[in-house]
Amino acid sequence: MTRMGALVWNPIVAREARTRMRSKRAAFILFCWLAALGVVAILAYASAGNQSASVTVLAHSGVTVFDALVAVVVALLLLLVPGLVGGSIAGERERQTLDLLLCTRVRPWRVVIGKLAASLAFIGFLLVASLPILSVVALLGGIAWSDILIVVGLGALTAVTIGSMSILFSAISKGPTGAIVCSYVAMFILLVGPLVLGTYLLAQGFGSGGGTAVSLPSGYISGPAIAPSVSSAPPLIMALSPGVAIGSEVASISSQNCASAVYSGFGGSFGSSAIYSCAAVTFDRIDSGPLNGWHIWQVYAVFAIALSALCIGMAIVALRGRVPWPRRAHSEVT
Amino acid sequence: MITGTHLARAFGERMALADCSFQIDTGAVFGLVGPNGAGKTTTLRILAGLLQPTSGTASVDGVDVLTHPQVVRERVGWMPDFFGVYDRMTAREYLTFYASCYRIPRARIGRLAADLMDLVGLPDRMDTPVEALSRGMKQRLCLARALIPDPPVLLLDEPASGLDPRARVELRELVRELHNMGKTMVVSSHILPELAEMCTSFGFIDAGRMVAQGTLEELTGGRDRSTLRINVAGDVHAAAAALDGVPQMIALRPGEGFVEVDVHAGAEATSAILQALLAAGITVTAVNPVGSSLEDVFLRVTGQPLEQSA
């Protein structure tokens, strides 16, 4: 194996992938995942009304199905990732195989990255397996591929972020149960905490009349939950929640595409003036301050990447502390 | 060579090791004897480069465990007192995984795994799921894993623990084979008969201290004298009278149904004692050496039996 190949190749990922896919649990998760997406897609399509009408009506159905699928995928990701990642390193510790692993030439950073990558690869596998269902959206139209990619990217980033938090708890916990519980609690705090804090600050009238403000997307139709240009810090805080970031982006995409009813599926683009009742969009962009002009999802993406890097770094440090390392600069040993 | 000098290790308030010093020659099979909690595993983990001593120094194969723990980890085959296996893997996959972790070239891994399975006596179990292996087989598979980097030193923590008699015999044979291959081994156990049969030298550890170390002959103190317990049928005082004046005898202590006799070392002493008894018409029912087993040595150096120490 070349030097580059040895650097990239991680035996932990290969082992985890192999053993995980042999478990009945993996098959059960895959079944539940696809069943949930399938059922939701059918229900959303059915609830969208007349399916035999024009492409604009179909486009509206596409938006509805898209909204529902994104909600289900994000919810399933939030449910699955802490459980999959939280027990990974802690499980090795419980099985007492962690020391055996650290006795080899595998370095702690490789263990952390390998464990995280292996768990996220399974999530990626689930997403790939659900492509036939997700392609229904493209078939119906109403949502551009670029929009789908942004939302999928945000979903993946959220999985990485929650996975990174979970791998940290897995590295510092004594057993998998504690690690998984802590991972779920952290995920819940990340999801709800910024929303609650931002809402509280808004209710207190914090920052009104200056600082950072928000603007509504062009497709805004019905009354917003947050009036435009009334707050400063709260939207920034709320943007740190994956629910808000993905939700605002989905609502923005849906309302824009509903308003203009742009059909951008397989058949190309068709303009139309038809307007359907789309979900209300709260905000999607920071309108002032140092992050003026940033999309909410962009703020979230930067935060998520920073949080992930911090958690992974701390997990590596925690794992390094498990076994001794050279006290002095490494010298030649024959 | 493996050395430990004034090793100490504290876990909070508790001292797992306190001023533990020892020296193990290259190629030796060193039995680390001691009750549970004496510090055997702590000593082995320090030697494996997995634990930092609070104070003291140690070296393995000439490498300092304090300054180069990573190098030590790669030169030592560490077999803990648990199996450390993964489910849903075959034995071949298990060894292949660890060989990859040791960065063995992929082209060599298949052959290496087959050779190791052959060495540990499991050539026909290559494609058996690990969870389907017996306890003894898992133990041997773990030994095969420890041998993957071809380490000069093997550290085996309670390898015979939980094994059935047949598996113990197989393990003992395997240790002998590895000894013949020139491996230096440290084997910890509190099952002394097992160690007595597989080790060339011993170290007795109690309450975190190495209280005695050497070969069995050195430890039993039998260089110039030994003790025999002779069970007799009939009057022990008659037996004692019969032994009076035997030149090889040093001291005599009558007991209930037996006499204990301190004699000069050597087979001729035992022979002379027996001849004297038989000449006096004393019926001898049993002759056993006293204080020459590991258990006796442990009792002598620690002042209590192994079971009470545990």
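The values are calculated or read from the model by the stated rules, or taken from the named source; none is laboratory data. As the structure is a prediction and not an experimental result, all values here were calculated from the model. Virtual Cβ from ideal backbone geometry, glycine too; neighbours counted across all protein chains shown. Remember, those area values only see protein heavy atoms, side chains included, never the ligands or the DNA or RNA. Shrake-Rupley method; radii C 1.70, N 1.55, O 1.52, S 1.80 Å.
Looking at (1) open to solvent by less than 10 Å² (accessible area, probe 1.4 Å); (2) at pLDDT below 90; (3) aliphatic (A, V, I, L, M); (4) farther than 30 Å from B:LEU122 by Cβ, find the lone condition where B:VAL33 falls short.
(4)
Quick one: would you say B:VAL130 is within 10 Å of chain A (Cβ to nearest Cβ) and more than 14 Å from the chain's Cα centre (by Cα)?
Criteria not met by B:VAL130.
Can you name every residue in the range B:66-81 that is open to solvent by 20 Å² or more (accessible area, probe 1.4 Å) and more than 7 Å from chain A (Cβ to nearest Cβ)?
Passing the criteria: B:ARG75, B:ASP81.
I'd like to know if the range B:106-117 contains one or more residues that are within 25 Å of the chain's Cα centre (by Cα), at pLDDT 90 or above, more than 10 Å from chain A (Cβ to nearest Cβ) and part of a helix (DSSP H, G or I). Before the answer, list the steps.
From the range B:106-117, those within 25 Å of the chain's Cα centre (by Cα) are B:116-117; that's our starting set.
Going one step further and asking which of them are at pLDDT 90 or above, we end up with B:116-117.
Add one more test, that the residue is more than 10 Å from chain A (Cβ to nearest Cβ), and what stays is B:116-117.
Pick out the ones that are also part of a helix (DSSP H, G or I) and you get B:116-117.
Yes; the residues of the range B:106-117 include at least one that is within 25 Å of the chain's Cα centre (by Cα), at pLDDT 90 or above, more than 10 Å from chain A (Cβ to nearest Cβ) and part of a helix (DSSP H, G or I).
Answer with yes or no whether A:THR177 is β-branched (Val, Ile, Thr), modelled with pLDDT of 85 or more and either farther than 25 Å from A:ALA68 by Cβ or not in a helix (DSSP H, G or I) (or both). If you could, list the steps in order and put the result at the bottom.
Details: β-branched (Val, Ile, Thr): yes; modelled with pLDDT of 85 or more: yes; either farther than 25 Å from A:ALA68 by Cβ or not in a helix (DSSP H, G or I) (or both): yes.
Spelling it out, A:THR177 is indeed β-branched (Val, Ile, Thr), modelled with pLDDT of 85 or more and either farther than 25 Å from A:ALA68 by Cβ or not in a helix (DSSP H, G or I) (or both).
Take the residues of the range A:75-97 that are β-branched (Val, Ile, Thr) and not in a loop (DSSP other than H, G, I, E, B): which is farthest from the chain's Cα centre (by Cα)? Please lay out each step first, then the result.
Here is the first cut: in the range A:75-97, the ones β-branched (Val, Ile, Thr) are A:81, A:85, A:89, A:97.
Still in the running and not in a loop (DSSP other than H, G, I, E, B): A:81, A:85, A:89.
Working: A:VAL81: 10, A:VAL85: 14, A:ILE89: 22 Å.
Checking each candidate, the answer is A:ILE89.
Search the range A:130-144 for residues being under 17 Å from the mean Cα position of the chain (by Cα) and surrounded by 14 or more Cβ atoms within 10 Å (Cβ to Cβ), and hand back the single one that is modelled with the highest pLDDT.
A:SER130
Given the conditions (1) among the small types (Gly, Ala, Ser); (2) within 12 Å of another protein chain (Cβ to nearest Cβ); (3) surrounded by fewer than 23 Cβ atoms within 10 Å (Cβ to Cβ), report the number of the one that B:ALA58 does not fulfil.
(3)
If you scan the range A:100-115, which residues turn out to be open to solvent by 10 Å² or more (accessible area, probe 1.4 Å) and more than 15 Å from A:VAL317 (Cα to Cα)? Spell out how you get there, then give the answer.
Filtering the range A:100-115 down to residues open to solvent by 10 Å² or more (accessible area, probe 1.4 Å) leaves A:105, A:107, A:109-110, A:113.
A:ARG105 - this is the single residue of the range A:100-115 that is open to solvent by 10 Å² or more (accessible area, probe 1.4 Å) and more than 15 Å from A:VAL317 (Cα to Cα).
Residue by residue, here is whether (1) surrounded by fewer than 18 Cβ atoms within 10 Å (Cβ to Cβ); (2) within 15 Å of B:GLY84 (Cα to Cα) holds:
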site: B:GLY110; (1), (2): yes, no
site: B:CYS142; (1), (2): no, yes
site: B:VAL153; (1), (2): no, no
site: B:LEU156; (1), (2): no, yes
site: B:ASP164; (1), (2): yes, no
site: B:LEU174; (1), (2): no, no
site: B:VAL186; (1), (2): no, no
site: B:ALA196; (1), (2): yes, no
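Evaluate the range B:39-51: report whether one residue or more is within 12 Å of another protein chain (Cβ to nearest Cβ), open to solvent by 40 Å² or more (accessible area, probe 1.4 Å) and closer than 18 Å to B:GLN213 by Cα.
Checked the range B:39-51: at least one residue is within 12 Å of another protein chain (Cβ to nearest Cβ), open to solvent by 40 Å² or more (accessible area, probe 1.4 Å) and closer than 18 Å to B:GLN213 by Cα.
Within the range A:1-16, which residues are open to solvent by 40 Å² or more (accessible area, probe 1.4 Å) and at pLDDT 90 or above? Walk me through how you get there before you give the answer.
Of the range A:1-16, the ones open to solvent by 40 Å² or more (accessible area, probe 1.4 Å) are A:1-4, A:7-9, A:13.
Correct list: A:VAL13 only.
Return the residues of the range A:19-44 that are within 25 Å of A:LYS115 (Cβ to Cβ) and either open to solvent by less than 50 Å² (accessible area, probe 1.4 Å) or away from chain B (no Cβ under 11 Å) (or both); say none if nothing qualifies.
Narrowing the range A:19-44 to residues within 25 Å of A:LYS115 (Cβ to Cβ): A:19-33.
Across the range A:19-44, the qualifying residues are A:THR19, A:ARG20, A:SER23, A:ALA26, A:ALA27, A:PHE28, A:ILE29, A:LEU30, A:PHE31, A:CYS32, A:TRP33.
Filter the range B:82-105 down to residues that are more than 18 Å from A:LEU98 (Cα to Cα) and more than 9 Å from every other protein chain (Cβ to nearest Cβ) and give me whichever is least open to solvent (accessible area, probe 1.4 Å).
As a first pass, look at the range B:82-105 and keep what is more than 18 Å from A:LEU98 (Cα to Cα): B:90-92, B:104-105.
This time we only want the ones that are more than 9 Å from every other protein chain (Cβ to nearest Cβ), so: B:90-92, B:104.
On the way: B:THR90: 26, B:ALA91: 0, B:ARG92: 94, B:ILE104: 26 Å².
Going through the qualifying residues, I end up with B:ALA91.
Being under 22 Å from A:GLY293 (Cα atoms), modelled with pLDDT of 70 or more, assigned to a helix (DSSP H, G or I) and open to solvent by 20 Å² or more (accessible area, probe 1.4 Å) is true for just one of A:LEU195, A:LEU191, A:LEU240. Which residue is that? Quick ask: steps written out before the conclusion?
On the way: A:LEU191 fails: under 22 Å from A:GLY293 (Cα atoms); A:LEU240 fails: assigned to a helix (DSSP H, G or I).
Of A:LEU195, A:LEU191, A:LEU240, the one residue that is under 22 Å from A:GLY293 (Cα atoms), modelled with pLDDT of 70 or more, assigned to a helix (DSSP H, G or I) and open to solvent by 20 Å² or more (accessible area, probe 1.4 Å) is A:LEU195.
B:ASP150 fails exactly one of the following numbered conditions: (1) without any contact (Cβ under 8 Å) to a residue 12 or more places away in the chain; (2) more than 14 Å from chain A (Cβ to nearest Cβ); (3) in a loop (DSSP other than H, G, I, E, B). What is the number of that condition?
The failed condition is (2).
In the range A:90-113, which residues are within 10 Å of chain B (Cβ to nearest Cβ), under 20 Å from A:SER164 (Cα atoms) and of a type in the set (Lys, Arg)?
Selection gives A:ARG107, A:ARG110.
Just one of A:ALA203, A:ALA121, A:ALA186, A:ALA159 is modelled with pLDDT under 90 and among the small types (Gly, Ala, Ser); which is it?
Numbers: A:ALA121 fails: modelled with pLDDT under 90; A:ALA186 fails: modelled with pLDDT under 90; A:ALA159 fails: modelled with pLDDT under 90.
Result of the check over A:ALA203, A:ALA121, A:ALA186, A:ALA159: A:ALA203.
Take the conditions over 15 Å from the mean Cα position of the chain (by Cα) and away from every other protein chain (no Cβ under 14 Å) and apply them to A:ALA68. Does it pass? Give the derivation first.
Details: over 15 Å from the mean Cα position of the chain (by Cα): yes; away from every other protein chain (no Cβ under 14 Å): yes.
So A:ALA68 passes the test.
All but one of (1) outside any strand (DSSP E or B); (2) within 21 Å of B:THR200 (Cβ to Cβ); (3) open to solvent by 70 Å² or more (accessible area, probe 1.4 Å) hold for B:GLN213; which doesn't?
All conditions pass for B:GLN213, except number (1).
If you go through the range B:129-139 one residue at a time, do you hit one that is open to solvent by 10 Å² or more (accessible area, probe 1.4 Å) and touching a strand residue (DSSP E or B) at 6+ places or on another chain (Cβ under 8 Å)?
Yes: the range B:129-139 contains one or more residues that are open to solvent by 10 Å² or more (accessible area, probe 1.4 Å) and touching a strand residue (DSSP E or B) at 6+ places or on another chain (Cβ under 8 Å).
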